[in-house]
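Below is one structure; the comments refer to it alone.
Any read-out appearing in this document is the output of simple, stated calculations on the displayed coordinates, not a laboratory observation. Please read all numbers here as calculations on a predicted model, not as lab measurements. All Cβ positions, even for glycine, are placed from backbone atoms using ideal geometry, and neighbour counts span all protein chains on display.
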Amino acid sequence: MSYEQIPRATAKRLPLYYRSLRHLAESGKSCVSSSELSDVVKIDSATIRRDFSYFGTLGKKGYGYNVERLLDFLRETLDQDELTEVMLVGVGNLGTALLNYNFMKNNSTQIVKAYDVDGDKIGTEIAGVTIDDLRDIQAENGNIPVAILTVPAAAAQKVADQLVAVGINGILNFTPVRLSVPDHIRVHHIDLAVELQSIIYFLKNYPLK
């Protein structure tokens with residue numbers, strides 16, 4: 001099976017597996033079973049085994065998975081040895097928090113550019129990243145593949161169009177707007193209000209035992 005045929009749900013779980021295995025390796029764990037990994041990532045062991053089975057034989061029955069070997073495989077699969085530069089558009093409260101965090105625990109991803117329209121913010125620096133004028137974004141040359149969008153909803157589509165025009169391939173959209181972009185652009189929507197409403201609904205209607 002080619003990587004293009006890997007289910008999207010499986011692909012989205014791979015970074016979680018990678019992060020958890022890193023913690024296990026740092027704690028001295030050399031071998032882990034699917035049930036042990038299940039306790040860490042809170043995903044049932046059958047799903048974990050099925051996810052890994054798409055990539056061939058990664059473990060041994062009765063032995064489990066070699067942590068370092070699995071880490072090496074996921075590191076290569078997720079391109080963890082290659083730095084991916086990211087830009088952020090919209091330096092409000094959420095954008096500022098993301099700049100301060102800047103994926104400090106993930107040395108393969110880093111916000112290197114930030115844009116805003118607020119004259120009081122333009123030219124200032126947050127966590128080592130200078131905030132540039134959004135009007136200057138057309139100078140981007142397509143070297144940054146991913147953008148994080150944290151602008152007001154009313155500006156989301158217009159800014160998305162600008163991002164497409166400068167060669168962005170992927171957008172992590174924190175606005176509630178469902179963006180209209182060309183087919184070759186991948187958009188992941190992170191709607192915090194919807195997620196909060198969802199968890200409240202499940203707490204009320206499906207309490208954990």
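Go ahead and set up a Gaussian network model of the chain, Cα springs under 10 Å, then flag whichever of VAL187, VAL41, VAL146 fluctuates most.
Per the Cα network of the chain with a 10 Å cutoff, VAL41 tops the list.
Net charge within 12 Å of VAL117 by Cβ-Cβ distance, Lys/Arg positive one each and Asp/Glu negative one each, not counting VAL117 itself?
Numbers: positive: LYS121, ARG135, LYS158; negative: ASP116, ASP118, ASP120, ASP132, ASP133, ASP136.
Residues near VAL117 contribute -3 overall.
Give the angle, between 0 and 90 degrees and rounded to the nearest 10, that separates the Cα long axis of helix 8-26 from the longest principal axis of the Cα atoms of the chain.
Tilt of helix 8-26: around 70 degrees.
Excluding GLU140 itself, calculate the net charge of residues whose Cβ lies under 14 Å from the Cβ of GLU140, where each Lys or Arg counts +1 and each Asp or Glu counts -1.
Working: positive: LYS113, ARG135; negative: GLU85, ASP132, ASP133, ASP136, ASP161.
Computed value for this residue: -3.
Return the distance in nm (one decimal) between the two label points of a simple spin-label model at THR124 and ALA25, each offset 7 Å from Cα along Cα→Cβ.
3.9 nm
Counting Lys and Arg as +1 and Asp and Glu as -1, what is the net charge of the other residues whose Cβ lies under 13 Å from the Cβ of PRO152? Working shown, then result.
Working: positive: LYS158; negative: ASP116, ASP118.
For residues surrounding PRO152, the net value is -1.
Does the stretch 3-76 come out rounded, prolate or oblate by the C-alpha gyration tensor, with a ≥ b ≥ c the root eigenvalues, rounded set by a/c under 1.5 and, if not, prolate when a/b is larger than b/c and oblate if not? Kindly include the intermediate steps, with their values, before the conclusion.
Working: a/c = 1.43, a/b = 1.37, b/c = 1.05.
Here the stretch 3-76 falls in the rounded category.
If amide H atoms are built 1.01 Å from N in the plane of the peptide, which residues on other chains or at least 5 residues away come under 5 Å of the amide H of ALA114?
Counting only residues 5 or more places away or on other chains, the set is LEU88, ASP132.
Output the pairs from LYS42/LYS113; LYS12/LYS60; LYS121/LYS158; LYS12/LYS121 with a Cα-Cα distance over 26 Å in this structure; if there are none, say none.
Numbers: LYS42/LYS113 34 Å; LYS12/LYS60 24 Å; LYS121/LYS158 20 Å; LYS12/LYS121 34 Å.
From LYS42/LYS113; LYS12/LYS60; LYS121/LYS158; LYS12/LYS121, over 26 Å: LYS42/LYS113; LYS12/LYS121.
Looking only at THR109, THR47, THR96, which one moves most when the chain is put into a Gaussian network model with springs between Cα atoms under 10 Å?
THR47
If R0 is 35 Å, what FRET efficiency do you get for TYR101 and THR57 from their C-beta distance, rounded to 0.05?
The value I calculate is 0.40.
DSSP loop trypsin sites (Lys or Arg not before Pro) in the stretch 30-98 with at most 16 other Cβ atoms within 10 Å of their Cβ, which ones? Display every interim value, and only then the final one.
Numbers: sites: LYS42, ARG49, ARG50, LYS60, LYS61, ARG69, ARG75; in loops: LYS42, LYS61.
Taking the stretch 30-98 and a limit of 16 other Cβ atoms within 10 Å, the loop trypsin sites (Lys or Arg not before Pro) found are LYS42, LYS61.
How big is the charge dipole of the chain about its Cα centre, in debye rounded to the nearest 20, if each Lys and Arg gets +1 on its Cβ and each Asp and Glu gets -1 on its Cβ?
That gives a dipole near 1160 debye.
As a test of the formula, what do you get for the chain when each DSSP H run with n ≥ 4 contributes -39,500 (n - 2.57) and the sum is divided by the residue count, at 222 nm and rounded to the nearest 500 deg cm²/dmol? Provide the component values of the computation, followed by the final result.
Details: 7 runs with 80 residues, N = 209.
That calculation yields -11500 deg cm²/dmol at 222 nm.
Along the charge dipole of the chain, pointing to its positive end and built from +1/-1 on Cβ of Lys, Arg, Asp and Glu, which listed residue (TYR54, ALA127, ILE144) has its Cα farthest out?
TYR54
What percentage of all Cα-Cα pairs in the chain are separated by more than 20 Å?
Details: 14259 of 21736 pairs.
In whole percent, the long-distance tail amounts to 66.
5 Å is the cut-off here: which amide hydrogens, built 1.01 Å from N in the peptide plane, fall below it relative to THR84, excluding neighbours closer than 5 in sequence?
THR109, GLN110
Between ALA154 and ASP44, what is the label-to-label distance in nm when each label sits 7 Å out along the Cα-to-Cβ direction?
4.7 nm
Using a/c under 1.5 as the rounded threshold, could you call the stretch 84-194 rounded, prolate or oblate? The axes a ≥ b ≥ c are square roots of the C-alpha gyration tensor eigenvalues, and prolate needs a/b larger than b/c, oblate otherwise. Walk me through the intermediate numbers first.
On the way: a/c = 1.23, a/b = 1.21, b/c = 1.02.
It is rounded, given that a/c, with a ≥ b ≥ c, falls under 1.5.
Charges only on Cβ, +1 for Lys and Arg, -1 for Asp and Glu: so what's the dipole of the stretch 104-209 about the Cα centre, in debye to the nearest 20? Before the final figure, lay out the partial values.
On the way: 9 positive and 12 negative charges, 125 e Å.
It comes to approximately 600 debye.
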